[in-house]
Amino acid sequence: MCSHQTPCPSAEATDRDAARVVACFPEQGWSLLCNGVILFEDTGELLPDGRTIAPHRGPARHALAA
């Protein structure tokens, strides 16, 4: 799907979130990446083949303070 030079990571790549945003819907909480991945604001993902990736945010910054 990607026509960028250098091509964006594929939907199967571990760095798939690095693909460029082609459509953004912040009021709905999601963006479409050029590799066909739908990225949700909670960091969950919907892959082009229908598989889902659970949100994978790290801990909140205030939780890291000692």
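The values are calculated or read from the model by the stated rules, or taken from the named source; none is laboratory data. As the structure is a computational prediction, the values presented were derived from the model and not from experiment. Glycine also receives a Cβ, built like all others from the backbone with ideal geometry; neighbour counts cover every protein chain displayed.
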Here's a check for you: in the stretch 21-36, which residue that is exposed (fewer than 11 other Cβ atoms within 10 Å of the Cβ) and not small (Gly, Ala, Ser) is farthest from PRO48 (Cα to Cα)? GLU27
I'd like the residue in the stretch 37-66 that is over 21 Å from PRO7 (Cβ atoms), more than 12 Å from the chain's Cα centre (by Cα) and at pLDDT 90 or above and, out of all such residues, is surrounded by the most Cβ atoms within 10 Å (Cβ to Cβ). ARG51
Please go through the stretch 1-15 and pick out each residue that is closer than 15 Å to GLU45 by Cα and surrounded by 10 or more Cβ atoms within 10 Å (Cβ to Cβ). PRO9, SER10, ALA11, GLU12, ALA13
